[in-house]
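One structure below.
Values in this text are rule-based calculations from the coordinates and carry no lab data. What you see is a predicted model; the values in this text were computed from it and never measured. With ideal geometry, Cβ positions are generated from the backbone for all residues, glycine too; neighbour counts draw on all protein chains shown.
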Amino acid sequence: MITVLCGGVGGSRLMRALANVLAPERLTAVINTGDDAWFHGLYVSPDPDIVTYALAGHVDAARGWGLHDDTFRWNAAIGRFGHETWFQIGDRDLATHVHRTRLLREGATLSQAMTDIARAFGVRSRLLPMSDDRVRTVVETDAGDLPFQRYLVERHAQDAVRGVRYDGAANAVPAPGVLEAIAEAEAIVVAPSNPIGSIGPILSVPGVRDAVSSSRATRVAVSGIIGGRSLQPPAGEMLAGMGYTVDVAGVAAYYAGLIDTLIIDEADAALAAAVQACGLRARVTPTLMRDASAGAALARVALAAAGVVP
Ligand code: GDP
Ligand code: CA
């Protein structure tokens with residue numbers, strides 16, 4: 001079993017790439033649920049849905065989230081009643097949120113709902129939420145404390161970040177199977193996800209960080225920061241706000257003590273020594289998953305760095 005810690009867009013791209021080079025059944029994803037939120041009475045779980053849609057081959061590749069060819073007529077229609085429409089939910093995507101909310105109201109756990117949705121989409125990898133308990137990523141800004149989606153989607157990550165909290169984490173427990181997936185993994189891969197916004201919440205669940213840092217498996221992370229910037233907000237804004245440099249050295253500093261190897265892009269080869277200064281090995285390779293073959297090449301490098309035979 002290869003266990004992948006992941007968020008949404010970057011996480012799902014690496015999961016898809018890994019599932020293309022080895023049997024998807026060998027993969028377990030532990031997915032960030034810190035940006036889950038209620039909209040219009042529906043429980044929306046953005047990162048798990050992106051991973052599910054990507055593995056099913058249904059993700060909108062251009063956007064990186066949502067279902068391809070989805071329409072947004074429902075979202076526009078709800079605006080007539082004065083409801084907020086900044087968090088866009090597609091017409092077909094809506095069915096996922098209605099179904100999940102029904103399951104939760106009938107007493108299912110988030111894990112059970114996620115398993116059911118993944119099964120319906122034909123996903124063969126195991127998808128686990130980091131916790132069945134509510135953990136909320138809150139971004140502290142000059143405009144006040146903002147729930148993650150409000151900070152990113154409504155306000156476009158424009159507010160300077162002063163702090164980041166994971167509300168509820170102290171009392172959360174890892175979802176069933178999470179600690180086992182980490183402890184029993186032959187390798188642990190940290191996706192090129194937003195370190196503070198997507199991986200930080202997973203690590204904030206009591207027991208998870210210790211499980212990763214004490215694991216005997218080789219731990220490899222892929223940097224989502226390429227050439228001193230993130231491909232999309234708000235990974236860079238959050239790193240900068242929390243005092244890290246927005247480059248692979250900043251990513252290495254954030255993961256120091258947790259992982260063994262950081263895979264960095266060729267554009268950042270000059271910073272390999274700075275990564276090594278954080279106590280990590282640096283592996284330089286093209287990391288942009290611009291198409292399936294580029295993704296597969298990166299997945300093979302990540303697996304090789306982790307000592308896994310595909
Ligand atoms: P979110 O939950 O949708 O914000 O997505 P994640 O946290 O999983 O991933 C966001 C990060 O993924 C960003 O910092 C991107 O730079 C990074 N990312 C997206 N696509 C790629 C890619 O092809 N290669 C690499 N190295 N990073 C990527
Ligand atoms: Ca996310």
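The magnitude of the dipole of the chain, with charges of +1 and -1 set on the Cβ of Lys/Arg and Asp/Glu and taken from the Cα centre, is near 400 debye.
The order of the peptides 121-131, 142-152 by mean Cβ neighbours within 10 Å, most packed first, is 121-131, 142-152.
Solvent-free Debye calculation, one equal scatterer per alpha-carbon of segment 1-138: log10 I(q)/I(0) at 0.11 Å⁻¹ equals -0.38. With neighbours defined as other Cβ atoms within 10 Å of a residue's Cβ, the residues HIS83, HIS97 order from fewest to most as HIS83, HIS97. Annotation: amide H of TYR43 within the under-5 Å range of THR101, sequence separation 5 or more or interchain, hydrogens built in the peptide plane.
Applying Stokes-Einstein at 4 °C and 1.567 mPa s to the Kirkwood radius of the chain, computed over alpha-carbon pairs, gives a translational diffusion coefficient of 67 µm² s⁻¹. Based on the reciprocal of the average 1/r between different C-alpha atoms, the Kirkwood radius for segment 229-271 equals 11.0 Å.
Normalised size of segment 158-310, defined as Cα radius of gyration per 2.2 N^0.38 Å with N residues, equals 1.03.
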